[in-house]
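Notes follow once the structure below has been shown.
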Amino acid sequence: MTTIVTHALVAATIVRTLPAHWRSRSLYLLAMSGSMAPDLDTLGFRFGVAYGSDFGHRGATHSIVFAITLGLLLALWQRQRHGPPLLRWWTILTLTTVTHLLLDAVTDGGLGVAALWPFSSTRFFFPVHPVMVSPIGAHFFSHRGVATLWSELAWVGLPCAIIWLALTLWPRRKYR
């Protein structure tokens, strides 16, 4: 998995690319929360859930069905705070949640992501996986954890920073 900070950064970057009148603090927070939520499955380790089970790490919570469902729940919350349009919020929040499984599928470790669960328990990786997999738990505070952060910075952080910089330096023109 990539670190939750990286997942949040990608979600925030996606929100930043949206028109200014669509963005709000709550949309940023919900998008970032949704992008980190799939890793709540690591709590299963404490309860004896095996890594490779459907409900283990990178299982059901790393699926498109989970992203669509969580995206809808978060969109309903966003709509309650900011009103319509529900479809817009649902699309944005589903997309930012899906980025989690996409990022995990480009890491160099683990069993892959169960993107098609519940229709298939098969775990997938992309053909290339340049991002180092993050150690889980206390192992994160190790040489491997530092190397992972450098890997994420190069492959994810830098492109996000370039997008933010470009959007700041070259703001969009307002068209009516």
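The values are calculated or read from the model by the stated rules, or taken from the named source; none is laboratory data. Since this is a predicted model, take the numbers as computed values, not measurements. Here the Cβ is made from the backbone with ideal geometry for all residues, glycine too, and neighbour counts use every protein chain on show.
Of note, A161 does not satisfy the criterion of being touching a Lys or Arg at 6+ places or on another chain (Cβ under 6 Å), within 20 Å of M36 (Cα to Cα), at pLDDT 95 or above and small (G, A, S). Of all residues in the range 88-136, those being surrounded by 14 or more Cβ atoms within 10 Å (Cβ to Cβ), part of a loop (DSSP other than H, G, I, E, B) and of a type in the set (V, I, T) number 3. Inclusion of V65 among residues that are touching a helix residue (DSSP H, G or I) at 6+ places or on another chain (Cβ under 8 Å), of a type outside the set (S, T, Y) and touching a residue at least 24 places away in the same chain (Cβ under 8 Å) is not warranted. For A11, the conditions (1) surrounded by 15 or more Cβ atoms within 10 Å (Cβ to Cβ); (2) out of contact with any helix residue (DSSP H, G or I) (no Cβ under 6 Å at 6 or more places or on another chain); (3) in contact (Cβ under 8 Å) with a residue 60 or more places away in the chain are fulfilled apart from (2). Within the range 78-87, the set of residues being exposed (fewer than 15 other Cβ atoms within 10 Å of the Cβ) and in a helix (DSSP H, G or I) comprises Q80, R81, H82, L86, L87. Restricting A67, A75, A154 to those that are farther than 21 Å from S33 by Cα and in a helix (DSSP H, G or I) reduces the list to A154. Taken over the range 34-64, the criterion of being assigned to a helix (DSSP H, G or I) and surrounded by fewer than 17 Cβ atoms within 10 Å (Cβ to Cβ) is satisfied by L40, L43, F45, R46, F47.
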